[in-house]
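Report on the following structure.
We did not get these values from a lab; they are worked out from the coordinates using the rules stated. Quick caveat, the model's predicted, so the values are computed rather than measured. Every residue, glycine among them, receives a Cβ derived from its backbone with ideal geometry; neighbour counts consider all protein chains shown.
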Amino acid sequence: MADQNKSYVELSSTLFSTLVEAYGAANQRMLAYGKSVYEIASRPYTSTAVDAALRENFDRVNQIVELTVAEVQANGTHSTELSEALLQQGGAFQETFVEAGKTMARMGESNMNFVKETADAQAANISKTVGDLQAHASAVSAN
C-alpha cells in the first residue's frame with residue numbers, strides 16, 4: 001500500500017506540475033501577444049496625410065490579424081499538447097487505481113480465507129467438545 005500511496009503522490013505532483021507549466025506558458029503567450037499588439041497599435045504615424053495614414057492603418061490591421069491567427073494556431077497546438085499530457089496522466093491514474101483495486105480484492109480474499117479457516121477450526125473444536133461432553137454424559141449416566 002505504501003508504494004501505491006507514493007505513486008498517487010507522484011502522479012498528483014506530476015499532474016499539478018503539468019497544469020502549472022501550461023498555465024504559465026499560456027500567460028506568457030498572452031502577454032507577448034498583448035505586447036506585440038500594443039507595439040503595432042502605438043507606433044507613431046510616418047505621415048500626417050490622410051491617405052498615408054489610412055494605408056498605414058490597413059497595414060497595422062493586417063499585422064494584427066496575422067499575429068492573431070498565429071496566436072490562435074499556437075494556442076491550438078499547446079492545447080492539444082496539454083490534452084495529450086492530461087490523457088497520459090489520466091491513464092497512469094487509472095492503472096494505479098486498478099492495481100489498488102486488485103490488491104484490495106486479494107487482501108479481502110485472503111482475509112475471508114483466514115476467517116473461513118478459523119471458523120472451520122472453531123466448529124471442529126466445538127464439535128469435538130460436544131462429542132466429549134456427550135461421551136462423558138453417557139459414562140456418568142451408565143454408572
Partner aspartates and glutamates for K35 [C-alpha distance under 20 Å; skip if fewer than 8 residues away on the same chain]: E56, D59, E66, E71
Between the helical axis of 50-142 and the dominant principal axis of the chain, each derived from Cα atoms, what acute angle in degrees is found, rounded to the nearest 10? 0 degrees
Going toward the positive end of the dipole of the chain, with +1 on Lys and Arg Cβ and -1 on Asp and Glu Cβ, which of A142, N57, T80 do you reach last? A142
Stokes-Einstein D for the range 22-61, Kirkwood Rh over Cα pairs, 4 °C, 1.567 mPa s (µm²/s): 111 µm²/s
With 10 angstrom as the radius, rank H78, H136 by how many other C-beta atoms surround their C-beta, starting from the fewest. H136, H78
So which aspartates and glutamates can K102 reach, going by Cα to Cα under 18 Å and dropping same-chain residues fewer than 8 places off? D3
With Cα coordinates, the longest principal axis of the chain makes an angle with the long axis of helix 2-41, in degrees rounded to 10, of 10 degrees
Calculate, for E99 and L67, the FRET efficiency according to 1/(1 + (r/R0)^6) with r their C-beta to C-beta distance and R0 41 Å; round to the nearest 0.05. 0.30
For the chain, what does -39500 (n - 2.57) per DSSP helix run (n ≥ 4), summed and divided by total residues, give at 222 nm, in deg cm²/dmol to the nearest 500? -35500 deg cm²/dmol
Those chymotrypsin sites (Phe, Trp or Tyr not before Pro) from the range 41-143 that are DSSP loop and have at most 14 other Cβ neighbours within 10 Å turn out to be Y45
